[in-house]
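The values are calculated or read from the model by the stated rules, or taken from the named source; none is laboratory data. These numbers come from a predicted model, not from an experiment. Here the Cβ positions follow ideal geometry from the backbone for every residue, glycine too, while neighbour counts run over all protein chains shown.
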Amino acid sequence: MSATGAGAVVRPDREAQARLAARRTRRNFVGDGAMAIASGAALLIVLAVLAIILVDILHNGLPRLSWAFLTQEPREGMTAGGIFPAIVGMVQMVILMTLAGVPVGVATAIYLHEYSSPVSPVTRAIRIAVANLAGVPSIVFGLFGLGFFIQFLGAGIDKVFFHGQKVYGQPALIWAALTMAVLTLPVVIVATEEALRAVPRELREASLALGATKWQTVMHVVVPQAAPGILTGTILAVSRGAGEVAPILFTGAAYFLPQLPTHLSSQFMSPSYHVYVLSTQSPDVDATKPILYATVLVLLVLTFTLNMAAVVVRARMRRRQGVPA
Amino acid sequence: MTANGVPKPEEQAKLVVRNLTVFYGEKKAVGPVAMDIVGQHVTALIGPSGCGKSTFLRSLNRMNELIPGCRIEGDVRLDGDPIYGQGIDPVAVRRRIGMVFQRSNPFPKSIAENVAYGLRIGGVNDAREIAMRVERALTQAALWEEVKDRLNDSALGLSGGQQQRLCIARALAVEPEVLLMDEPASALDPIATAHIEELINELSEHYTVVIVTHNMQQAARVADYTAFFYLGELVEFDRTDVLFTKPNDSRTEDYITGRFG
């Protein structure tokens, strides 16, 4: 047999291969280790930034926070009192913008995903437009709101219904809410489309095979199945919008208001804009600083609550559908 | 008739298929097919993967047109009424010709609501009538005894075999005339498969059943008639006992004796 001969020829080769493999393993080991350290460090940086922000805000804001702070209006040039009008203003604005924006966004997504032909150039153009809308800086939305809603729509309403008296042709709750609705529209559309895409084709077929129309299938099977995703995306979009300053700057937010908004044409206060005002316009910086911190804390808590609500809603709806969350 | 022909219908044909051809884009998927499907019997469609049997089945209740780029030519008549043609609503066709799919696809609703779905969208609102028809459909699908105490539980908690019988019950609840089944047992274990086959036999007393199957033994067990498809062509269609014992075409014989496929 030539086994010994062949073995003698093969052995050095094998040793070389083993050495090579060992070196490769070592290099992989070093590579893996470096990667793990680098990515771990990146994670630490993110966590550290978050921790610094939270600790700073909690440390400086918590002492000033009280029931009175939440239920009183600002006094003495914003060096005393609370932020009650700002909280009310934010709640009103968020409700209005949700009512105005979410149905339009969800309906648009349903049209795009369920009815339009995926290869049609019009559909593609709308998708690109939506993606671009999401990339527009929020200050541009603010200017759009000023130009379109206030100076065009509002002024038009005033001319027709109020004999030119300025009612709607000025910054107002309704215009700020509509501007914010436009701002959140692309996020709602994208999230809804994502949720619709996740509905299995089998479910649509099951419904259609039972003699359901397309509309019945969309309303009774597709949308309920996608509802947790739609709701989560919507709440996240709303919570993102709730903290924005730029869009409401020109369209409705007030520096200071002695009374709460009573009409759609009223101006309103908002915690986010209030933070800007407090940090730049205060006559007494030392007196304002704790109020500023406490306001930021309230703003964070409100936004965080909305985000948590999104998580809870999704988990609950999934459970109700019998899908393990 | 010829090997590619139509068996002499001993009874009135329920579904008459003539010249049916299905294209995906430019590519012909199956056809032209001519076939007489006899009422209140089971007809099995067999053949290797990709032979067009599922495509053919789905064109019997116009499910293919949901696939973009799909084009259908030819004529299908249900009791003489054309199912393709101008002014014919696919929704109305699907109410008369129900379908059960390869993978069980219950809605994420309760067991009762799954079965009631077709009734509700069809405009049945009376709670008593719905309850009665849900029970009847579940009984017909041999599932009632297993689920009668948990009708309001999620359908997703049922086993695979139970889910598939639930889908059959759901299809039966709207009282179609024809039931199309696309490999209804392919994802099930042997015991659940036996359940479904038994069920198909019982269903053929009232319904016309057309079943696609990969499994030749299954076709032999459940079907009165069997059609053999190969490379997008209907090769042979005859009584099951004839097709399996005295096939006319050498390709049929090769397939059923296991020489390919």
- Go through the residues of segment A:165-188 one by one and say whether even a single one is of a type in the set (D, E, K, R), in the same structural domain as A:Ile235 (by TED's automatic domain parsing) and within 19 Å of A:Tyr111 (Cα to Cα). no
- List pairs: first in segment A:39-65 and under 20 Å from A:Leu292 (Cα atoms), second assigned to a helix (DSSP H, G or I) and among the hydroxyl-bearing types (Ser, Thr, Tyr), Cβ under 7 Å, 6+ apart or cross-chain? A:Ile57/A:Tyr293; A:Asn60/A:Tyr293; A:Gly61/A:Tyr293; A:Arg64/A:Tyr293
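Would a scan of segment A:69-79 turn up a residue that is under 24 Å from the mean Cα position of the chain (by Cα) and surrounded by 11 or more Cβ atoms within 10 Å (Cβ to Cβ)? Talk me through it step by step, then tell me what you get.
Start the filter on segment A:69-79 by keeping residues that are under 24 Å from the mean Cα position of the chain (by Cα), which leaves none.
Checked against the condition, which is being under 24 Å from the mean Cα position of the chain (by Cα) and surrounded by 11 or more Cβ atoms within 10 Å (Cβ to Cβ), segment A:69-79 yields no hits at all.
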- Task: Go through (1) closer than 19 Å to B:Glu135 by Cα; (2) free of Cβ contacts under 8 Å to residues at least 60 places away in the same chain and name the single condition B:Leu166 misses.
- Result: (2)
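Are any residues in segment B:175-224 within 12 Å of B:Ile97 (Cα to Cα), surrounded by 20 or more Cβ atoms within 10 Å (Cβ to Cβ) and in contact with a Lys or Arg (Cβ under 6 Å, 6 or more places away or on another chain), and if so, which ones?
Matches in segment B:175-224: B:Pro176, B:Thr208.
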- On the given criteria, is B:Ser110 crowded, with 16+ Cβ neighbours inside 10 Å, among the hydroxyl-bearing types (Ser, Thr, Tyr) and without any contact (Cβ under 8 Å) to a residue 60 or more places away in the chain? yes
- Task: Kindly provide the set of residues from segment A:172-208 that are within 14 Å of another protein chain (Cβ to nearest Cβ) and not aliphatic (A, V, I, L, M), ordered by number.
- Result: A:Pro200, A:Arg201, A:Glu202, A:Arg204, A:Glu205, A:Ser207
- Query: Here are some conditions: (1) away from every other protein chain (no Cβ under 14 Å); (2) closer than 22 Å to A:Arg201 by Cα. B:Lys109 meets all but one. Which one does it not meet?
  - Reply: (1)
- Note on the structure: Checked segment B:45-94 for anything buried (at least 16 other Cβ atoms within 10 Å of the Cβ), more than 14 Å from chain A (Cβ to nearest Cβ) and of a type in the set (Gly, Ala, Ser); matches are B:Gly47, B:Gly52, B:Gly74
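Counting only residues that are in contact with a helix residue (DSSP H, G or I) (Cβ under 7 Å, 6 or more places away or on another chain) and buried (at least 16 other Cβ atoms within 10 Å of the Cβ), how many does segment B:123-137 have?
5
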- Message: Out of the helices (runs of 4 or more DSSP H) lying entirely within segment A:229-325, which hold 1 or more residues that are buried (at least 16 other Cβ atoms within 10 Å of the Cβ) and free of Cβ contacts under 8 Å to residues at least 24 places away in the same chain?
- Response: A:285-320
- Query: Do the conditions hold for A:Gly89, that is, is it at positive phi, in the same structural domain as A:Val296 (by TED's automatic domain parsing) and not acidic (Asp, Glu)?
  - Reply: no
- In the set B:Gln140, B:Gln164, the lone residue that is surrounded by 18 or more Cβ atoms within 10 Å (Cβ to Cβ), under 21 Å from A:Ala209 (Cα atoms) and either within 9 Å of another protein chain (Cβ to nearest Cβ) or in contact with a Pro (Cβ under 9 Å, 6 or more places away or on another chain) (or both) is B:Gln164
- Among the residues of segment B:173-189, which ones are modelled with pLDDT of 90 or more and over 17 Å from B:Val212 (Cα atoms)? B:Ala173, B:Val174, B:Glu175, B:Pro176, B:Glu177
- Item | Checklist (1) buried (at least 21 other Cβ atoms within 10 Å of the Cβ); (2) within 14 Å of chain B (Cβ to nearest Cβ); (3) part of a helix (DSSP H, G or I) applied to A:Gly211, failing item | (3)
- Query: Between a first residue in segment B:122-143 that is at positive phi and a second residue that is part of a helix (DSSP H, G or I), which pairs have beta carbons less than 7 Å apart while being 6 or more apart in sequence or on different chains?
  - Reply: B:Ala142/B:Arg165; B:Ala142/B:His195; B:Ala142/B:Leu199
